[in-house]
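Every number in this text was worked out from the coordinates using simple rules, so none of it is lab data. Just so you know, these numbers come straight off a predicted model, no measurement behind them. Using ideal geometry, Cβ is built from the backbone for each residue, glycine included, and neighbour counts are taken over all protein chains shown.
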Amino acid sequence: MAKAPQKFVISDGPHTQEALEVLSKNIKKTSSILDKSVEIIENSVDPIGGPPDAPSDGLLYGLIQSGKTSIITAASAMAADNGFKCIIVLTSDNNPLYGQTHKRTRQALRGLKVLGKNEWEDKESFERQVRNSPFAVICSKNTKTLNGIIQAFKSAGAKGAKGLPAFIVDDEADQASLNTQASKGTDDISTINRLISDLRGFFPVNTYLQVTATPQALFLQTPDHPFRPSFTVLSEPGEGYVGGEAFFGPDSKLLRMVNIDEIDELRSTHQPTATDTVPKGLREALLVFLTAATAKKMKGDGQQYAFLCHVSHTRIDHDRIRQLVERFIEETKTVLESADSARRKNLLRDLRKAFDDLAQTESGMPSFEKLVEKLAFYIPGTNIKLINATSNEEITLDHLYNLFVGGNKLGRGVTIENLLVSYYGRNPKNPNSDTVLQHARMYGYRQLDLGVTRLFLPAKLAEHFRLIHQMEKALRELVEKHPKGNFEGIYIASPLHATRRNVLDPNSIGMYVAGSYCNPRYPLRSGAVKQNTAWLDTELAPYGDAKEYHVVNVDFLIRIIEKCVADPEEGADLWNTKTLSAGLEKLKALRGQTAYLRTRRGRDLNEPRRETQGFLSGGEESLVPKDAPALFIYKLKPSKRGAEVWWPLIRFPEGNYALAFSFQR
């Protein structure tokens with residue numbers, strides 16, 4: 001796809017300056033926002049140069065809750081200053097997110113008319129607006145709404161709408177915008193995808209900017225696909241951002257594990273019946289929140305704080321959990337007021353545990369006795385809100401304690417201010433990658449609250465979050481090396497998941513990124529693998545430990561890893577031998593048979609590793625070239641963990657590619 005010509009960009013125009021002034025009220029430094037906006041407009045089509053030779057398709061790739069909306073707003077203002085006559089922001093059909101986007105855009109683009117839902121239905125009024133450009137439109141990705149705005153533009157075409165250079169922003173572009181019918185193997189096109197294509201096609205001069213924190217599906221489109229970005233702008237978080245590293249990095253102190261079974265107990269599908277009591281982990285999470293919010297209030301740091309409970313997408317579950325939380329608050333209030341010394345003693349013991357936990361990470365905690373006194377005073381006004389498709393509640397903070405219970409409305413794109421404690425358990429036994437990542441409402445500009453921030457979730461889901469965080473870091477590094485999108489995203493179809501490479505389930509994508517590692521968390525060391533170990537002993541016998549590495553072929557690596565079984569107790573997401581084999585077959589087709597092998601024997605390794613962590617040390621990985629697949633494989637000595645066994649690690653070769661696959665079993 002042709003590169004947009006470099007052009008002079010007005011970066012100090014009145015709309016831009018006004019938007020930056022508004023944004024500066026909540027953001028200390030707007031220089032990065034300005035720089036990223038300039039980069040977007042530099043790569044956009046020239047709005048006064050006539051139809052371009054090639055489509056202008058870009059991507060703003062940001063982190064969850066990192067301020068992508070601020071860059072969208074500033075870039076939209078800059079587009080107006082540089083000659084774009086119509087700014088169209090496509091956003092989620094999620095009402096809270098739509099309202100959030102509409103409000104923020106109107107506040108920042110004060111020199112433009114910003115039309116919201118259905119404000120284009122009056123034909124004469126819309127035609128007048130088209131004549132009085134530039135202007136902006138915030139449109140939800142909804143069939144009726146998209147049809148309506150397209151028809152409005154077509155009706156206004158006689159008045160010049162078709163001549164408007166348009167700057168089209170597709171927020172959360174990997175949600176709904178792609179062709180969800182592709183998996184059928186027919187020429188069918190999903191309605192939203194077709195309507196967005198129609199909208200883009202209406203404007204001969206336009207730039208289409210996709211925005212998301214989970215762009216895996218976009219990169220997996222073929223290079224000439226109209227929804228594959230031809231340039232990418234990486235947005236970096238500003239000062240005070242708290243993201244995946246704080247929660248899922250090796251030094252995190254913010255995670256608290258809950259039993260995976262209690263997540264199921266909260267659901268209507270649980271048999272024989274869902275629980276009528278607050279499970280242990282949820283109770284601990286609520287007590288930590290009440291303690292944290294009270295401590296912050298007593299220190300004078302704020303007035304309202306939020307708790308999030310997000311474990312199901314079904315409304316019956318939301319209502320049950322809300323009732324459980326209501327009873328918990330009522331009982332806590334009653335016990336704090338009670339003369340029953342035994343019940344009060346037990347509650348104070350649990351509150352003390354929460355207090356001591358927070359004191360490990362938050363300095364200057366008030367005295368425990370005074371905190372309990374204040375908690376007893378504030379708890380009667382606790383605000384419990386049900387946030388789902390049938391509720392009319394807004395995600396606003398109306399009290400010191402604000403408890404939000406719900407499902408998808410609390411997911412992608414929605415910001416929850418002053419969120420201190422989250423209790424999360426969506427899809428805990430078979431989680432999907434970027435669906436889980438987009439539910440990371442705890443990310444954001446929360447540095448000042450980090451000491452009293454906690455995330456309660458099952459250990460399996462925490463490990464999955466950690467894996468996704470590591471893959472996301474690797475993908476961003478790859479994009480940083482190839483910002484014009486000139487790397488190949490390849491969907492690998494293992495025998496279990498036969499599919500075309502442009503058939504995507506954006507809710508279940510994992511990636512092996514160029515230069516990355518993959519190993520089982522721990523090898524199975526029971527008698528069940530004795531035969532495999534003997535086979536590996538024979539096959540690897542010719543390859544001694546003295547040499548730095550051996551040149552072999554990809555087929556040999558595939559045969560080796562097929563005999564390497566992961567310990568099911570430790571779990572495995574990336575180490576799926578069928579998927580790995582399919583990935584290596586793809587690399588063989590692209591790069592040839594060359595591969596490398598390094599063996600070591602008699603090793604003492606008894607602790608599990610993360611699947612992208614590896615177990616190499618002392619610069620060992622640098623001894624093997626990086627231009628072809630490499631297998632590092634250690635033979636572990638017998639130990640208390642089990643019999644001798646081989647532990648493998650695959651390193652993918654460096655290059656401009658990412659191998660994607662489905663997590664679904």
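Quick one: length gained pulling Asp261 to Asp301 fully straight, 0.36 nm per residue minus the C-alpha distance? List each step's numbers first, then the result.
Details: separation 40, 0.36 × 40 = 14.40 nm, distance 3.64 nm.
In short, 10.8 nm is gained.
Could you work out the local net charge near Pro629, counting Lys and Arg as +1, Asp and Glu as -1, over the other residues with Cβ closer than 9 Å to its Cβ?
+3
What's the ranking of 616-626, 201-211, 564-574 by average number of surrounding C-beta atoms within 10 Å, highest first? Walk me through the intermediate numbers first.
On the way: 616-626: 13.0, 201-211: 22.9, 564-574: 18.2.
Descending packing order for the listed peptides: 201-211, 564-574, 616-626.
Could you name the lysines in cross-link range of Lys253, using Cα to Cα under 16 Å and dropping any fewer than eight places away on the same chain?
Of all the lysines, those that pass the test against Lys253 - Cα under 16 Å, at least 8 places apart if same chain - are Lys353.
Could you estimate the translational diffusion coefficient of the chain from the Stokes-Einstein equation, with Rh from the Kirkwood formula over C-alpha pairs, at 10 °C and 1.306 mPa s, in whole µm²/s? Could the numbers behind the result be given before it?
Details: Rh = 27.2 Å.
Rounded to a whole number, D works out at 58 µm²/s.
When the scattering of the range 488-662 is computed by the Debye formula from its Cα atoms alone, each counted once and equally, what is log10 I(q)/I(0) at q = 0.15 Å⁻¹?
-0.83
Taking amide hydrogens as modeled 1.01 Å from N in the peptide plane, which residues meet the under 5 Å criterion relative to Asn259, leaving out close sequence neighbours?
Those lying under 5 Å, H to H, from Asn259 are Gly281.
Which entries of Lys113/Lys154; Lys36/Lys586; Lys85/Lys481; Lys547/Lys626 have Cα-Cα distances beyond 26 Å here? Please report the intermediate quantities before stating the final value.
Details: Lys113/Lys154 20 Å; Lys36/Lys586 35 Å; Lys85/Lys481 33 Å; Lys547/Lys626 17 Å.
Beyond 26 Å: Lys36/Lys586; Lys85/Lys481.
Please give the calculated 222 nm ellipticity per residue for the chain, where each DSSP H segment of at least 4 residues contributes -39500 (n - 2.57) and the sum is spread over every residue; nearest 500 deg cm²/dmol? Don't jump to the answer; show the numbers that get you there.
Values: 19 runs with 235 residues, N = 665.
That comes out to -11000 deg cm²/dmol.
Residue by residue through the range 67-79, which ³J(HN,Hα) values in whole Hz follow from phi under the Karplus form 6.51 cos²θ - 1.76 cosθ + 1.60 (θ = phi - 60°), with glycine and proline marked x?
x, 4, 4, 5, 5, 4, 5, 5, 5, 5, 5, 5, 4
What residues qualify as long-range amide H neighbours of Tyr657, i.e. H under 5 Å apart, gap of 5 or more or another chain, H built at 1.01 Å from N?
For Tyr657, whose amide H was placed from the backbone, the distant partners under 5 Å are Glu488, Ala514.
Once phi is turned into ³J(HN,Hα) by the Karplus curve 6.51 cos²θ - 1.76 cosθ + 1.60 with θ = phi - 60°, what whole-Hz value does each residue of the range 450-458 show in order, with x for glycine and proline?
Those phi angles translate into 4, x, 10, 8, 9, 10, 9, 6, x Hz.
Given a Förster distance of 25 Å, report the FRET efficiency between Lys640 and Ser617 from their Cβ-Cβ distance, rounded to the nearest 0.05.
About 0.70, to the nearest 0.05.
Would you please state the base-10 log of I(q)/I(0) at q = 0.15, 0.21, 0.26 1/Å for the range 305-365, with intensities from the Debye formula using one equal scatterer on every alpha carbon?
Ignoring solvent entirely, the Cα scatterers give -0.69, -0.97, -1.04.
Please list, in chain and number order, the residues 5+ apart from Leu574 or on another chain whose amide H is under 5 Å from its amide H, with Hs placed from the backbone.
none
What length, rounded to one decimal in nm, is gained on full extension from Leu448 through to Asp537, with 0.36 nm per residue of separation minus their alpha-carbon distance?
On the way: separation 89, 0.36 × 89 = 32.04 nm, distance 5.47 nm.
Value of the extension gain: 26.6 nm.
Cα-Cα over 19 Å: which of Lys103/Lys296; Lys123/Lys162; Lys117/Lys144; Lys25/Lys297; Lys29/Lys68; Lys530/Lys578?
Values: Lys103/Lys296 28 Å; Lys123/Lys162 15 Å; Lys117/Lys144 11 Å; Lys25/Lys297 23 Å; Lys29/Lys68 14 Å; Lys530/Lys578 21 Å.
Among Lys103/Lys296; Lys123/Lys162; Lys117/Lys144; Lys25/Lys297; Lys29/Lys68; Lys530/Lys578, the Cα-Cα distance tops 19 Å for Lys103/Lys296; Lys25/Lys297; Lys530/Lys578.
Taking the Cβ of Gly619 as the centre, find all other residues whose Cβ is under 15 Å away and add up their charges (Lys, Arg: +1; Asp, Glu: -1). Walk me through the intermediate numbers first.
Values: positive: Arg598, Arg600, Lys626, Arg651; negative: Glu548, Glu620, Glu621.
Computed value for this residue: +1.
Is the range 14-234 best put as rounded, prolate or oblate by its Cα gyration tensor, with a ≥ b ≥ c the root eigenvalues, rounded for a/c under 1.5, and otherwise prolate when a/b is larger than b/c, oblate when not? Let's see the in-between values first.
Working: a/c = 1.38, a/b = 1.08, b/c = 1.28.
It comes out rounded by the Cα gyration axes.
Which ³J(HN,Hα) values, rounded to whole Hz and listed in residue order, are derived for the range 558-570 from phi using the Karplus coefficients 6.51, -1.76 and 1.60 in 6.51 cos²θ - 1.76 cosθ + 1.60 with θ = phi - 60°, glycine and proline given as x?
4, 4, 5, 5, 5, 9, 9, 9, 7, 5, x, 5, 8
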